[in-house]
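A short write-up of the structure that comes next.
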Amino acid sequence: MYIFIATAAPAALIVLWGIMLYNRFVRFRAMIEEAWSGIDVHLKQRHDLVPNLVATVRGYADHENQTLTAVTEARNRCMTAGGPQEAAVAESFLGQALGNLFALSESYPQLKADAGFRQLQEQLASLEDNIQNARRYYNGTVRQMNVAVDSFPSNIIAGIFKFSRADYFELEDAAQRAVPAVQF
């Protein structure tokens, strides 16, 4: 009887430990999904703002079709991106295109003075801050998951239940990391 209790207690502790680790991975996965949802909301707001920017600029600089087309194409690419890595690449191109759009506005004083255009710039600047904060939260939750997946002994439970590393939401290179120039 005492032998049974002596062997059952450690086995029960191991099972309890496994359950706790499994639940930890489930919590991390839920946090990552929640964090990505937050990023997705801000990116959608950004994407919804782009057509208004393009329409405003087109009213003042209709002959700048190449820049306007590049912004529209970059937005469309963002709208169809799937997952953090693809979204990061697409958002980088949109950031560059928006930077070019705002650089273009420097050549048009009437556009720069337009109250609607300034308001759109302010909204974009605010959204960029929100996206940056949401990205930090997302990447923090991804880091927690990845550390747990790679660390011993939790990597045993991760392997058994097929929990894997998550992708960070990062911009590709230093030039793409620059926030679009929003000048007032």
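The values are calculated or read from the model by the stated rules, or taken from the named source; none is laboratory data. None of the values given here were measured: they were computed from a predicted structure. Reconstructed Cβ throughout: ideal geometry from the backbone, glycine too, with neighbour counts over all protein chains shown. Heads up: the accessible areas ignore ligands, DNA and RNA and are worked out on the full protein's heavy atoms, side chains in. Shrake-Rupley method; radii C 1.70, N 1.55, O 1.52, S 1.80 Å.
Hey, can you tell me all the residues within the stretch 115-138 that are in contact with a helix residue (DSSP H, G or I) (Cβ under 8 Å, 6 or more places away or on another chain), of a type in the set (S, T, N, Q) and open to solvent by 30 Å² or more (accessible area, probe 1.4 Å)?
Q123, N130
Just need a number here: residues in the stretch 84-114 that are surrounded by fewer than 20 Cβ atoms within 10 Å (Cβ to Cβ) and touching a Ser or Thr at 6+ places or on another chain (Cβ under 7 Å).
5
Applying the selection to the stretch 1-14, what residues are at pLDDT 80 or above and open to solvent by 100 Å² or more (accessible area, probe 1.4 Å)?
Passing the criteria: L13, I14.
Hey, can you tell me all the residues within the stretch 148-175 that are in a helix (DSSP H, G or I) and either in contact with a helix residue (DSSP H, G or I) (Cβ under 9 Å, 6 or more places away or on another chain) or buried (at least 17 other Cβ atoms within 10 Å of the Cβ) (or both)?
A148, V149, D150, S154, N155, I156, I157, A158, G159, I160, A175
From A90, A61, which residue is modelled with pLDDT under 90 and not acidic (D, E)?
The unique qualifying residue is A61.
Answer with yes or no whether A30 is small (G, A, S) and either under 25 Å from N146 (Cβ atoms) or touching a strand residue (DSSP E or B) at 6+ places or on another chain (Cβ under 7 Å) (or both).
Here the answer is yes, as A30 does meet what is asked.
Where residues in the stretch 15-57 are open to solvent by 50 Å² or more (accessible area, probe 1.4 Å) and among the polar types (S, T, N, Q), which of them is modelled with the lowest pLDDT?
N52
Whether any residue in the stretch 48-60 is hydrophobic (A, V, I, L, M, F, W, C), touching a residue at least 40 places away in the same chain (Cβ under 8 Å), closer than 26 Å to A166 by Cα and part of a helix (DSSP H, G or I) is what I want to check.
No, because not a single residue in the stretch 48-60 is hydrophobic (A, V, I, L, M, F, W, C), touching a residue at least 40 places away in the same chain (Cβ under 8 Å), closer than 26 Å to A166 by Cα and part of a helix (DSSP H, G or I).
Out of all the residues in the stretch 69-111, which are assigned to a helix (DSSP H, G or I), over 30 Å from W36 (Cβ atoms) and in contact (Cβ under 8 Å) with a residue 12 or more places away in the chain?
A103, L104, S105, Q110, L111
Please give the number of the condition V179 fails out of (1) within 30 Å of F25 (Cα to Cα); (2) at pLDDT below 90; (3) open to solvent by 70 Å² or more (accessible area, probe 1.4 Å).
If we test V179 against (1) within 30 Å of F25 (Cα to Cα); (2) at pLDDT below 90; (3) open to solvent by 70 Å² or more (accessible area, probe 1.4 Å), just (1) comes out false.
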